[in-house]
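**Student:** Before we start, here is the structure in question, set down as structure tokens.
The values are calculated or read from the model by the stated rules, or taken from the named source; none is laboratory data. What you see is a predicted model; the values in this text were computed from it and never measured. Here the Cβ positions follow ideal geometry from the backbone for every residue, glycine too, while neighbour counts run over all protein chains shown. We work out accessible area using only protein heavy atoms, side chains counted, and drop any ligands, DNA or RNA first. Shrake-Rupley method; radii C 1.70, N 1.55, O 1.52, S 1.80 Å.
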Amino acid sequence: MRQGVYVRFTIILLIVGFMIAVQYNTVQKPESRDTRDIWGIRQELSTEKQLHSELLSDIRDVNDTITKYENLQSESPAQALNETLDNLRKKAGLTDVTGPGLELVIEPSLEGMALGQQVTAISPDLLVRLLNEINRFNGRYISIDGKRIIHSSPIRDINGQTTVNSLIVNTPPFKMKIGTDTSEDAEKLYNHLKSSTIADDFFIDNLTLTIGNPENSLTVPAFDQPIENNFLKNTSKGD
Amino acid sequence: MWLPLLGLILGISLGLLTDIQIPSVYENYLSIAVLAALDTLFGGIRAQLQNVYDDRVFVSGFFFNIALAAGLAFLGVHLGVDLYLAAIFAFGVRLFQNIAVIRRILLTKWSERKGTIY
């Protein structure tokens with residue numbers, strides 16, 4: 001009789017213990033507390049808003065394309081396709097781009113020449129740094145010494161010589177052309193490059209960076225090599 | 001004697017190790033169920049000490065009380081009245097009473113044993 005009582009108490013206590021442990025787990029669960037202050041939250045809000053507006057403009061673009069297709073469907077679908085194709089080619093960097101932009105001239109510094117130092121080629125690191133600065137301020141179409149930069153352009157040192165797209169960049173002086181979408185962007189980019197410390201970095205390497213005034217019509221040459229594509233494949237029809 | 005304690009430890013470790021969490025909506029129900037279970041448990045211990053323990057009363061009381069308490073809380077949520085307070089109050093009072101009775105019985109037993117030794 002007493003043994004039975006103990007067994008029952010044991011079972012009941014097991015259930016009670018389990019319930020208490022579950023309750024404990026639930027109450028103690030680590031709440032991820034929001035410790036940001038108002039400025040942190042504002043920052044995030046502004047990032048989200050920016051994303052929102054970017055998404056909206058993307059949607060508008062796509063809608064435009066759809067409308068164009070629909071309008072042209074009865075007339076000439078080929079024309080709409082060609083327009084899209086041209087757009088894509090322009091984005092990929094396969095066409096000459098004429099539009100607002102500015103020109104940079106990279107020269108050996110006068111101080112270096114006066115001291116008789118040898119003019120060396122620009123280092124790939126410095127070039128990449130300059131490109132990053134330009135990209136930050138909507139420099140869309142860039143060519144370095146006539147070599148167009150596309151999404152896969154390598155900038156690297158080959159046998160001691162700096163190359164872009166595997167073509168050797170001339171020893172300074174050479175020119176860089178930067179195309180932008182609007183002349184406001186060109187203006188902004190100009191001001192940004194003027195105020196940034198990138199020119200100092202050039203000076204350390206005995207080079208000077210001359211930033212030309214924004215121009216309304218500047219032609220950035222096309223990328224003239226075949227684009228290698230190792231990973232993308234055509235989908236079969238119907239997919 | 002140690003078997004129930006073992007059961008309690010086993011239950012707690014089982015709950016902690018499985019790391020089960022219930023949605024916070026049902027937190028109230030669980031807390032009230034725990035209270036009901038504790039109440040029944042101490043009631044059972046008291047009954048055992050008073051020699052009026054009945055298996056059926058104990059086991060049915062355990063589950064019935066839990067169900068009743070949770071049902072009352074559920075009803076309260078839907079009626080907009082905090083009925084679970086009634087359950088907490090009832091169980092709380094009974095818990096104290098039961099523990100008080102258990103304490104008295106144990107004290108009496110202890111003093112009796114002491115009396116017999118000396």
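**Student:** So which residues in segment A:181-200 are open to solvent by less than 40 Å² (accessible area, probe 1.4 Å) and not hydroxyl-bearing (Ser, Thr, Tyr)?
**Tutor:** Correct list: A:ASP185, A:ALA186, A:LEU189, A:HIS192, A:LEU193, A:ILE198, A:ALA199.
**Student:** Please specify each residue of segment A:159-180 satisfying the condition of being open to solvent by 30 Å² or more (accessible area, probe 1.4 Å) and in contact with a strand residue (DSSP E or B) (Cβ under 8 Å, 6 or more places away or on another chain). Steps first, please.
**Tutor:** Step one: list which residues in segment A:159-180 are open to solvent by 30 Å² or more (accessible area, probe 1.4 Å), which gives A:159-161, A:166-168, A:170-171, A:173, A:175, A:177.
A:GLN161, A:SER166, A:LEU167, A:ILE168, A:PRO173, A:LYS175, A:LYS177, listed by residue number.
**Student:** Considering (1) farther than 18 Å from A:LEU209 by Cα; (2) surrounded by 19 or more Cβ atoms within 10 Å (Cβ to Cβ); (3) of a type outside the set (Asp, Glu), say which one A:LEU130 fails and leave the rest.
**Tutor:** A:LEU130 satisfies all of (1) farther than 18 Å from A:LEU209 by Cα; (2) surrounded by 19 or more Cβ atoms within 10 Å (Cβ to Cβ); (3) of a type outside the set (Asp, Glu) except (1).
**Student:** For segment B:46-69: of the residues being part of a helix (DSSP H, G or I) and in contact with a helix residue (DSSP H, G or I) (Cβ under 6 Å, 6 or more places away or on another chain), which is farthest from B:LEU5 (Cα to Cα)?
**Tutor:** Filtering first and then ranking leaves B:ALA69.
**Student:** Determine, yes or no, whether B:ILE88 is over 24 Å from A:ILE11 (Cβ atoms) and not small (Gly, Ala, Ser).
**Tutor:** Answer is yes for this residue.
**Student:** Here's a follow-up. Does segment A:97-116 hold any residues that are in contact with a strand residue (DSSP E or B) (Cβ under 8 Å, 6 or more places away or on another chain) and loosely packed, with under 15 Cβ neighbours inside 10 Å, and which are they?
**Tutor:** A:THR98, A:VAL105, A:LEU110
**Student:** Let me ask something else about it. Mind listing whichever residues of segment A:68-92 are open to solvent by 90 Å² or more (accessible area, probe 1.4 Å) and in a loop (DSSP other than H, G, I, E, B)?
**Tutor:** Listed by number, the residues that qualify are A:SER74, A:GLU75.
**Student:** Taking A:ASN170 and the conditions (1) part of a strand (DSSP E or B); (2) at pLDDT below 85, which numbered condition does it fall short on, given that it satisfies the others?
**Tutor:** The failed condition is (1).
**Student:** Let me ask you something else. I'd like to check something: does segment B:11-20 contain any residue that is part of a helix (DSSP H, G or I) and more than 9 Å from chain A (Cβ to nearest Cβ)?
**Tutor:** Looking for residues that are part of a helix (DSSP H, G or I) and more than 9 Å from chain A (Cβ to nearest Cβ), one finds none in segment B:11-20, hence no.
**Student:** Show the residue pairs meeting these rules: Cβ distance below 9 Å; 6+ apart or different chains; first residue within segment B:23-34 and more than 9 Å from chain A (Cβ to nearest Cβ); second residue of a type in the set (Phe, Trp, Tyr) and buried (at least 19 other Cβ atoms within 10 Å of the Cβ).
**Tutor:** Taking only residues 6 or more apart or on different chains, the pairs are B:ASN28/B:TYR84; B:TYR29/B:TYR84; B:ILE32/B:TYR84; B:ILE32/B:PHE91.
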